[in-house]
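Participant: One structure coming up, written as structure tokens, with questions to follow.
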Ligand code: PMP
């Protein structure tokens, strides 16, 4: 009897369990690198999150929300966004976009920018649709397009190194206008824009955004604009919102993140701002998947924005202070890396920095005909042997283009001064060992 039972159970388990939409997207570099970093790294400049505290005004707002008199903050709130949060977001984005917004139809709160992206692809991309993705890209765009049944079409930013021997800047990575235009066709449903860009830190100029906007209008294409690093822009540069360009409001969804804005990535509060004609479909996906994001976190983020709205443009504003502090950290890391010959590409925005490892190749020999891109092997070797974690740049490229960009790794510099000093010590020691060998 027992034998018969186990036999039939086994037979049943041989049936395929994986849905077809997951084919080819089940490998994920973060799983591997986060594990490696936790196991081996002494200094983790890999994954993008601050190791310094979130601002006190925000954590205090959270504490007040948890223990205050309004016990309803422990219950469900409105599905598409806690009313105080959508209201303050609408007020802020009215200023930023220069148009009137209805908090109930033009704003939706999501579980981080991540879920906002997921809603966009599920709601707007159909089987057979093409979605243009600019490389290098935040890696989840590709599997999210595929899960929706769409086909990603990649167009790379092309590096033009300065001729005067100066360090490269993220601004030296540019789209080739003819190449970009060639990717648009009647099958194109949307383009994903990420400015400031993770991993390069590129802040797209008005001219570049104008070119993208023109093509979107010409081909009736939607724009999914991931602007989670909107406040992290350096050297007096300006972040321009593509939704504010002529003809773009009606075809753009703008995505943001309280995690990045207020240095609280674990809270997972994000949002989408856009026209009701697009957001109504995002609401359908959101309603039928997660329903809503933690009420307490939304309440605290609403209070954080309330503060920022009052202090808008003033020196005490967190939106002014955070980039100032991060610019200093960027400059430290640039100096450390440049000092040892790991050439940094100076980012105009975000808290990431990409560096050229060509001069360090002798430490980690190439394995010809390996399936694994060189920068993967290099980053793994560095974590295990030097205790320093970073992410290989090729992880931000499509399979077809990965092998053209294997000489770079990405560092996150949203870290305490002590963490950046410890990274500098590792790099200096490494350089000395190289010199003496
Ligand atoms: N977009 C980009 C470009 C990101 O870098 C990240 C986080 N690394 C996200 C979206 C996701 O943001 P959140 O943590 O708010 O989900």
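Participant: Are any residues in the stretch 265-282 away from the ligand (no atom under 11 Å from the Cβ) and in contact with a helix residue (DSSP H, G or I) (Cβ under 8 Å, 6 or more places away or on another chain), and if so, which ones?
Facilitator: Within the stretch 265-282, 272, 273, 274, 275, 277, 278, 281, 282 qualify.
Participant: So which residues in the stretch 314-333 are in contact with a helix residue (DSSP H, G or I) (Cβ under 9 Å, 6 or more places away or on another chain), under 28 Å from residue 111 (Cα atoms) and free of Cβ contacts under 8 Å to residues at least 40 places away in the same chain, if there are any at all?
Facilitator: Selection gives 317 alone.
Participant: Of the numbered conditions (1) under 27 Å from residue 289 (Cα atoms); (2) within 15 Å of the ligand (Cβ to nearest atom); (3) outside the structural domain of residue 275 (by the TED database), residue 33 satisfies every one except a single condition; which is it?
Facilitator: (1)
Participant: Name the residue, out of 61, 65, 56, that is under 29 Å from residue 271 (Cβ atoms), modelled with pLDDT of 95 or more and surrounded by fewer than 14 Cβ atoms within 10 Å (Cβ to Cβ).
Facilitator: Working: 61 fails: surrounded by fewer than 14 Cβ atoms within 10 Å (Cβ to Cβ); 65 fails: surrounded by fewer than 14 Cβ atoms within 10 Å (Cβ to Cβ).
Matching residue, one of 61, 65, 56: 56.
Participant: Let me ask something else about it. Which condition does residue 121 not pass, out of (1) free of Cβ contacts under 8 Å to residues at least 24 places away in the same chain; (2) within 15 Å of the ligand (Cβ to nearest atom), if it passes all the others?
Facilitator: The single condition residue 121 does not satisfy is (1).
Participant: With (1) within 16 Å of the ligand (Cβ to nearest atom); (2) surrounded by 21 or more Cβ atoms within 10 Å (Cβ to Cβ) as the list, and residue 114 as the residue in question, which single condition is left unmet?
Facilitator: (2)
Participant: Has the stretch 157-165 got at least one residue that is out of contact with any helix residue (DSSP H, G or I) (no Cβ under 6 Å at 6 or more places or on another chain) and on the phi > 0 side of the Ramachandran plot?
Facilitator: Yes - at least one qualifying residue is present in the stretch 157-165.
The rows are residues; the columns are (1) over 28 Å from residue 259 (Cβ atoms); (2) free of Cβ contacts under 8 Å to residues at least 24 places away in the same chain; (3) away from the ligand (no atom under 16 Å from the Cβ).
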residue	(1), (2), (3)
105	no, no, yes
131	no, no, no
141	no, no, no
158	yes, yes, yes
161	yes, yes, yes
166	yes, yes, yes
171	no, no, yes
190	no, no, no
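Participant: If you take the residues of the stretch 251-264 that are within 15 Å of the ligand (Cβ to nearest atom) and touching a helix residue (DSSP H, G or I) at 6+ places or on another chain (Cβ under 6 Å), which of them is farthest from residue 121 (Cα to Cα)?
Facilitator: Here the residue is 262.
Participant: Residues in the stretch 231-240: is at least one in contact with a strand residue (DSSP E or B) (Cβ under 6 Å, 6 or more places away or on another chain), without any contact (Cβ under 8 Å) to a residue 60 or more places away in the chain, buried (at least 16 other Cβ atoms within 10 Å of the Cβ) and closer than 29 Å to residue 391 by Cβ?
Facilitator: No.
The values are calculated or read from the model by the stated rules, or taken from the named source; none is laboratory data. Computed from a prediction, not measured in an experiment: that's the story for all the values here. Cβ sites come from the backbone with ideal geometry, for glycine too, and all protein chains shown count toward neighbours.
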